[in-house]
């Protein structure tokens, strides 16, 4: 492979900037800039110089031996003073070193994958960790990046491969007397794996919500105070407010960190019959978004529910304009004064935390589809046990198909079609 280099820290002025070099000529590149190579895993403070001998910067230089670095290759890092000028000078000096080239987006991580330092699920977990904005997202991404999903898949694979081996032993010794019936053990292994997979599949929706964010729709009649409430919760003027009913025509979205959970609150158009075609489109969109939201906050005005809304068990019904009217619901809020807003926010967070509590490790649709495919293969194998004798080869094939589905999650089989999509979201120095 080529030797690659790139800025591994954020662009712009900073206290420290990190430049990473990975590949067979990494140590030679360090020697050309500094004339000294710290013996891995040592580190050394030294001057970096250009070809002409000009001092570029005094940097902390680190070296990592092959097999002991993030990429699995020989790696060196230059921890520089983080000025734009220093960074430019060092990158130009590296580009002049024969055999070195600038890394492509995500190429360091791709090499870690190709060198078996990470599996494909860990790569996706790392991408999510870089993008994490809330504590819940960080914890979930950290679990996947640490290899938790890969460990589960390894256990499922071992059980399925054991089951397939038992079935194939029956096939191999079809003309001889097999000492015992392997069917009970095989079915037990398949049933155990299916049960574990189903638990993981059931938590996929919650895991996806933590990764992408929950949606909470605030719905109510026109002029019920929805926009004012949203502005109070957001702490800024996110939505226009007016005494004129029907001011909100489209869905206004405000993303927040709600006690560690990523939540998007939706301010929707007031629900009513209208002859105004634009407002009617807004009302229709409000109803659609409310139906697809993870939670609905229904804002009443003097106890009056919005038109055409049937209450669902998880709905939070709130009496609005509590500074002007007293209501009978458990929650009473005023977007103007802030009365009851903290209590409402806590109730929303508790509802969403309950939904998130069952989150699994399948954080992407690709993971979910592979697990569902594995369950389908196992189910097909189990059904054949009830069929006529002589189905052992078909059962073994179904089990092998299930194993291949699981292998695709961690990149053990051909997944080239997903690599470009995954690494396109990575930054240049990762």
| remark: Going fewest to most other Cβ atoms within 10 Å around each Cβ, 253, 301 line up as 253, 301
| Just from its helices, what would the mean residue ellipticity at 222 nm be for the chain, if runs of 4 or more DSSP H residues each count -39500 (n - 2.57) and the sum is divided by every residue, rounded to the nearest 500 deg cm²/dmol? | -14500 deg cm²/dmol
| query | What number, in percent, do you get for the relative contact order of segment 310-360 if the mean sequence gap of Cα pairs under 8 Å and at least 6 apart is divided by its residue count? | reply | 24 percent
| Proxy reagent accessibility, fewest Cβ within 10 Å first, across 317, 263 | 317, 263
| field | Segment residue 199-residue 255, extension gain: residue separation times 0.36 nm, minus the distance between their alpha carbons | value | 17.2 nm
| Label point distance in nm, residue 380-residue 11, each placed 7 Å from Cα along Cα→Cβ | 4.8 nm
| task | Quote the Stokes-Einstein diffusion coefficient, in whole µm² s⁻¹, for segment 36-146, based on the Kirkwood radius over alpha carbon pairs, a temperature of 20 °C and a viscosity of 1.002 mPa s. | result | 133 µm²/s
| task | Within 10 Å of each residue's Cβ, count the other Cβ atoms and sort 47, 156 from fewest upward. | result | 47, 156
| segment 89-149, relative contact order in percent, only Cα pairs under 8 angstrom and at least six apart counted | 25 percent
| request: Please tell me the relative contact order of the chain in percent, rounded to the nearest whole number, where contacts are Cα pairs under 8 Å and at least six residues apart. | output: 17 percent
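If you take every DSSP beta bridge fully contained in the chain, what fraction is antiparallel? Give it as a percent rounded to 5. Working shown, then result.
Working: 31 of 50 bridges.
So the antiparallel bridges in the chain amount to around 60 percent.
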| said: What does the extension gain come out to for residue 357 and residue 115, with contour length at 0.36 nm per residue minus their alpha carbon separation? | reply: 83.6 nm
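Bear in mind these aren't lab numbers, they're just calculated from the coordinates by the rules spelled out. Just so you know, these numbers come straight off a predicted model, no measurement behind them. Methodologically, a virtual Cβ is constructed for each residue, glycine included, from the backbone with ideal geometry; neighbour enumeration extends over all protein chains shown.
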